[in-house]
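Everything below concerns the one structure shown next.
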Amino acid sequence: MNADVPPGVVFGECLVDDFGEAQRLGGAPFNVAQHLHALGVASVFVSRVGRDASGQHILQHMRDWGMSTNDVTVDALLPTGRVRVTADARQGHHFEILPHQAYDAIGMPSSVIAPIPWLYHGSLALREDGPSRATWRQLRARAQWRFVDINLRDPWWNPELLAEIIRGSSILKCNTEELEQIIRTYELPPASTLREAMQMVAGHFHVQAVLLTRGAEGAAYGDGTNFYEAEAPPTVVQDTVGAGDAFAAGWFWSLFRGDAIARRLQRAGELAAAICAISGAIPDQPEFYRAIMARWAKEDGFG
């Protein structure tokens with residue numbers, strides 16, 4: 001890892017994915033924060049939990065993994081975020097996202113000062129016009145570089161808010177369905193190729209680059225000049241929960257190593273494929289990451 005890369009900020013929700021018979025920790029920013037920590041990328045995780053068993057579980061999990069909990073505050077009234085997850089024959093899983101959760105009230109941490117070298121955030125924690133959105137605007141104003149990972153779950157977004165979230169970002173990450181939703185929502189002209197569609201969205205929102213996940217079809221990257229596509233690595237799919245979060249973390253890891261764009265897509269896809277091979281969005285043991293990093297080091301000639 002490039003030791004010259006200063007710690008950035010990962011902002012947003014941490015929650016419990018409730019599968020009925022089992023509960024798994026989740027929330028895209030939380031997943032990304034754990035992946036980055038385990039991969040050796042320093043960051044500050046800014047979030048909020050409730051004063052309940054789920055909140056204590058999240059905080060203890062972070063401590064067990066050696067992650068700092070200094071900027072995860074505890075809400076005395078609102079519950080820790082929870083999402084009901086059920087199997088869906090078409091989409092793989094159906095997510096019922098509950099309203100008025102602790103992650104809707106994230107305050108501005110006193111430990112975060114300007115400038116912020118880089119900021120990762122999604123869109124879910126910004127759904128309410130309240131504390132989390134106000135904190136995000138402060139962080140955005142201080143950030144030198146911003147990675148936006150949208151999550152368009154109805155009814156938790158609207159065109160005006162989404163445009164504010166996307167506009168001016170360094171990297172916009174979305175999946176194929178979300179890219180198509182953006183084009184429809186803002187009535188952008190039809191594109192004849194994927195490259196044109198990604199460049200059109202980037203141009204409309206003054207985004208430096210679009211990073212697209214395509215499930216079994218792989219991934220793509222497009223900016224004003226470059227366009228790259230990558231196939232999805234082979235894997236035995238246990239479930240796809242959290243695959244996109246792993247992809248984002250793998251991209252960060254490879255970016256901060258100074259890898260070329262094609263290699264970033266490869267590494268991001270490999271981490272996503274590895275997450276698909278386990279149950280849940282994050283692994284239970286650090287050995288998961290050690291095995292991946294050992295393989296990458298060997299492929300890069302260091303093993």
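Summary of the geometry: segment 193-252 and segment 1-75, compared by the centres of their Cα atoms, lie 24 Å apart. With q set to 0.24 Å⁻¹, the log10 of I(q)/I(0) for segment 188-240, from the Debye formula over equal scatterers at the Cα positions, is -0.89. With a Förster radius of 35 Å applied to the C-beta separation of THR225 and TRP65, the computed FRET efficiency comes to 0.35.
Ordering HIS206, THR193, LEU152 by the projection of their Cα atoms onto the charge dipole of the chain, which places +1 on the Cβ of Lys and Arg and -1 on the Cβ of Asp and Glu, puts HIS206 at the extreme positive end.
I'd like the projected area of the chain, averaged over all directions, using the convex hull of its alpha carbons. Report it in nm² with one decimal.
Working: hull surface 60.4 nm².
For the chain, averaging the hull's shadow over all directions gives 15.1 nm².
Around the amide H of VAL9, modelled in the peptide plane, lie the amide H atoms of VAL44, TRP118, LEU119, TYR120, all under 5 Å away and 5 or more residues distant in sequence or on another chain. Given only helices, namely DSSP H runs of n ≥ 4 each adding -39500 (n - 2.57), what is the per-residue ellipticity at 222 nm of the chain, to the nearest 500 deg cm²/dmol? Result for the chain: -11000 deg cm²/dmol, rounded to the nearest 500. Across segment 24-37, rounded Karplus estimates of 3J(HN,Hα) from the backbone phi angles (6.51 cos²θ - 1.76 cosθ + 1.60, θ = phi - 60°) give 10, 5, x, x, 3, x, 4, 4, 4, 4, 5, 4, 4, 4 Hz, Gly and Pro being marked x.
In this structure, the amide hydrogen of ARG82, modeled 1.01 Å from its nitrogen in the peptide plane, lies closer than 5 angstrom to those of VAL16, LEU98, counting only residues at least 5 positions away or on a different chain.
Any read-out appearing in this document is the output of simple, stated calculations on the displayed coordinates, not a laboratory observation. Remember, it's a predicted structure, so these values are computed and weren't measured experimentally. No Cβ is skipped: glycine too gets one built from the backbone with ideal geometry, and neighbour counts run over all protein chains shown.
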